[in-house]
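Before any comments, here is the structure.
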Amino acid sequence: MVTETMRNKITVVGAGQVGTTVAQLCAYKNLGNVVIIDILEGVPQGKALDLQQSGCLQVFDSIVTGTNDYQDTANSDIVVITAGLPRKPGQDRADLLKVNANIVRDVTEKVMKYSHNPIIIVVSNPLDAMVYMAKQVSGLPRERVIGMAGVLDAARFRTFVSLELNCSLVDVDAMVLGGHGDSMVPMPRYTTVSGISITDLMTPERIEALVDRTRNGGAEIVKHLKKGSAFLAPGASAVKMVEAILQDKRRILPCTAYLDGEYGWKGIYFGVPIELGAHGMNKIIELDLTEEEKKMLDISAQDVKTTIDEVDALLAAG
Ligand code: APR
């Protein structure tokens, strides 16, 4: 008899736009049983039931549960953290960081009470600081606490390249490094169409325009939506990571990883190519950078370091 415990268990913290997308795709792909948890009473329960009822239509066997009780998340293999509040009008970035850092701290403590060795994927923003908070609070090794940013930023870059060249999305691969913000570093040299670098396919001016659009990819969507932010591509990006882990795919993807000397930085979370498999991050891949690329990455790392220092200050304050 197949028991429930033989399936992977995926907990999604936050039953908002991104969390719901993550839960939906995990179920559709039959990646395991899914638990959705939120502080809002009724919302995770309602969404879980709705999703469960799509099982016979989308053909999946995953059991989907909605809850407000962390006991139900016990023994999760993977926890995807999407909890957080959006920025309010007039609220500055530092204040938002504090609010969401406290949410991520609280969530991580509760997750770790019931799951002893999960792999945590953080999606909440500001990403680099939030994933650092999750690592510090969980006490898990860096291999098991990873942030989702590069997969999304690269997906945006890939999309813009394919639209520009009017070629299949499937053939386009992209690499985006650095912090998940204005200073992210899309890497045209490592962005290819069927192995051909885009530097051979487009003018520097067009590449720069696409790089710019990628950097502002999130803001462009917020401007259209007016309320809320992107959630379909962010959710799909997190699930690509979940899939790589649960199916031990050993995919090489740009993810937000804890640096311990790689790229010349220590003690920060930063977007770099990593190999992702059953144990989480198997390794960080160090690229041979040009002076210009190194300079841009250092600027981005310095930016990220400022937000990490803010998290350290919050942790020190208790
Ligand atoms: N514990 C659990 N859930 C929480 C907590 C908490 N302490 N605090 C807030 N939440 C929940 C909210 O109740 C809400 O349902 O997190 C959810 C966030 O959902 P949305 O507001 O819809 O935000 P979403 O678009 O899903 O984005 C979530 O991902 O991409 C990032 O910038 C984005 O930080 C944001 C996060």
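Below is a table of values for the structure above.
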read-out	value
Qualifying residue in segment 60-75 (condition: modelled with pLDDT of 95 or more, in a strand (DSSP E or B) and within 10 Å of the ligand (Cβ to nearest atom))	no
Residues that are open to solvent by 30 Å² or more (accessible area, probe 1.4 Å) and within 22 Å of Met6 (Cα to Cα), drawn from segment 75-85	Asn75, Asp77
Answer residue from segment 181-229, given it is acidic (Asp, Glu) and over 22 Å from the mean Cα position of the chain (by Cα) and is farthest from Ala301 (Cα to Cα) among those	Asp200
Per-region count, segment 91-109, residues open to solvent by less than 10 Å² (accessible area, probe 1.4 Å) and either under 17 Å from Gly181 (Cα atoms) or at pLDDT below 95 (or both)	3
Flag for Val79 being within 9 Å of the ligand (Cβ to nearest atom), of a type outside the set (S, T, N, Q) and in contact with a Ser or Thr (Cβ under 7 Å, 6 or more places away or on another chain)	no
Which listed residue is within 14 Å of the ligand (Cβ to nearest atom) and assigned to a loop (DSSP other than H, G, I, E, B), from Lys88, Lys98, Lys47	Lys88
Every residue from segment 254-294 that is among the hydrophobic types (A, V, I, L, M, F, W, C) and touching a strand residue (DSSP E or B) at 6+ places or on another chain (Cβ under 6 Å)	Cys255, Ala257, Leu259, Trp265, Ile268, Phe270, Val272, Ile274, Leu276, Met281, Ile284, Ile285
In segment 115-151, the residues that are touching a residue at least 40 places away in the same chain (Cβ under 8 Å), open to solvent by 10 Å² or more (accessible area, probe 1.4 Å) and either among the polar types (S, T, N, Q) or in contact with a Pro (Cβ under 6 Å, 6 or more places away or on another chain) (or both)	Asn125, Gln136
The one condition in (1) out of contact with any helix residue (DSSP H, G or I) (no Cβ under 9 Å at 6 or more places or on another chain); (2) closer than 23 Å to Thr306 by Cβ that Ser229 fails to fulfil	(1)
Of all residues in segment 87-114 being among the basic types (Lys, Arg) and in contact (Cβ under 8 Å) with a residue 12 or more places away in the chain, the one that is farthest from Val222 (Cα to Cα)	Lys113
Qualifying position, being charged (D, E, K, R), open to solvent by 60 Å² or more (accessible area, probe 1.4 Å) and touching a residue at least 24 places away in the same chain (Cβ under 8 Å), among Lys227, Lys305	Lys305
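Let's see how each residue does on (1) open to solvent by less than 40 Å² (accessible area, probe 1.4 Å); (2) in contact with a His (Cβ under 9 Å, 6 or more places away or on another chain); (3) of a type outside the set (D, E, K, R); (4) within 13 Å of the ligand (Cβ to nearest atom):
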| site | (1), (2), (3), (4) |
| --- | --- |
| Met6 | no, no, yes, no |
| Lys9 | no, no, no, no |
| Gln24 | no, no, yes, yes |
| Ala27 | yes, no, yes, no |
| Asn30 | no, no, yes, no |
| Val34 | yes, no, yes, no |
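The values are calculated or read from the model by the stated rules, or taken from the named source; none is laboratory data. What you are looking at is a predicted structure, and each value in this text was computed from that prediction instead of being measured. For neighbour counting, all protein chains shown are included, and Cβ atoms are generated from backbone atoms with ideal geometry for every residue, glycine included. The protein model used for the area step is the full one, side chains on, heavy atoms only, and it has no ligands, DNA or RNA in it. Shrake-Rupley method; radii C 1.70, N 1.55, O 1.52, S 1.80 Å.
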